[in-house]
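Asker: Dumping the structure here so I can ask a few things about it.
The values are calculated or read from the model by the stated rules, or taken from the named source; none is laboratory data. Just so we're clear, the structure is a prediction, and the values are computed from it rather than from any experiment. Glycine gets a Cβ as well: all are built from the backbone with ideal geometry, and neighbour counts include every protein chain shown.
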Amino acid sequence: MHNVVNLHLKDLNDQQIILLVFSKGAKTRRQILETLLRGPKNCHQIAKELKLDWWTVQKHLKKLKEANLIKQVKLGRIIFYKSTYEGEKLLKNLNSYNECK
């Protein structure tokens with residue numbers, strides 16, 4: 001299965017693929033990324049929309065940011081998160097792969 005994923009996601013790095021496909025919490029991180037494709041949100045908004053604990057969302061946001069799939073935008077004391085181009089591209093590739101299965 002990993003070879004099939006690499007075939008469709010060949011221009012993405014291993015860390016990003018593992019983060020959103022194979023690791024524990026991958027489904028939640030994909031849901032967060034999907035949410036951010038609809039527009040910037042802060043951690044509380046994401047947690048409320050996905051019915052997740054704030055702290056859980058915060059941990060996933062940190063990992064997504066480290067993988068350059070999202071970025072932070074500060075507005076005063078509030079931190080908003082939005083998808084990067086790389087994050088959008090990865091999610092579209094993953095969705096295309098899932099449709100082909």
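Asker: Taking the stretch 24-54, which residues are closer than 10 Å to Tyr81 by Cβ and among the hydroxyl-bearing types (Ser, Thr, Tyr)?
Answerer: Hit for the stretch 24-54 is Thr35, nothing else.
Asker: Go through the stretch 79-101 and count every residue that is surrounded by fewer than 12 Cβ atoms within 10 Å (Cβ to Cβ), among the basic types (Lys, Arg) and either in a helix (DSSP H, G or I) or touching a residue at least 12 places away in the same chain (Cβ under 8 Å) (or both).
Answerer: Adding up the residues that qualify gives 1.
Asker: Do you know which residues across the stretch 65-88 are among the polar types (S, T, N, Q), within 16 Å of Gln16 (Cβ to Cβ) and touching a strand residue (DSSP E or B) at 6+ places or on another chain (Cβ under 9 Å)?
Answerer: Ser83, Thr84
Asker: Sticking with this structure for a sec: Note down all Cβ pairs under 7 Å where the first residue falls in the stretch 7-36 and is modelled with pLDDT of 95 or more, the second is of a type in the set (Asp, Glu), and they're at least six residues apart or on different chains.
Answerer: From residues that are modelled with pLDDT of 95 or more, the pairs are Thr35/Glu49.
Asker: Another question, if that's okay. Select from the stretch 53-78 the residues that are buried (at least 16 other Cβ atoms within 10 Å of the Cβ) and hydrophobic (A, V, I, L, M, F, W, C) and list them in ascending order.
Answerer: Val57, Leu61, Leu64, Ala67, Leu69, Ile70
Asker: Give the number of residues within the stretch 55-78 that are polar (S, T, N, Q) and not in a helix (DSSP H, G or I).
Answerer: 2
Asker: Please list, ordered by first then second residue, the pairs with beta carbon atoms under 6 Å, 6 or more apart or interchain, first in the stretch 44-64 and closer than 17 Å to Ser23 by Cβ, second surrounded by fewer than 17 Cβ atoms within 10 Å (Cβ to Cβ) and β-branched (Val, Ile, Thr).
Answerer: So the pair list comes out as His60/Thr28.
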